[in-house]
């Protein structure tokens, strides 16, 4: 019995179907991976706008970037 492809494999497959460049694909996959790890390995289907906002605001809250970064 074969296992269904995981989320990142499905993202890669879809991006190749749409003819995105490999660099773009890699960037998207890396950001998705960061998003998942930031939220304790929760699946993105369990999350929504508040979790996206938390990821975007984190660098400015901890002082890595200016507060205008998420804009």
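Only the coordinates and a few stated rules stand behind these numbers; no lab work does. This is a predicted model, so every value here is computed, not measured. Glycine also receives a Cβ, built like all others from the backbone with ideal geometry; neighbour counts cover every protein chain displayed.
How far apart, in nanometres, would the label points at residue 24 and residue 49 be if each is projected 7 angstrom from Cα along the Cα-to-Cβ direction?
Those two pseudo-labels are separated by 2.7 nm.
Divide the volume of the convex hull of the Cα atoms of the range 7-61 by its number of residues and quote the answer in cubic angstrom per residue.
Details: hull volume 4.8 nm³, N = 55.
Output value, Cα hull per residue: 86 Å³.
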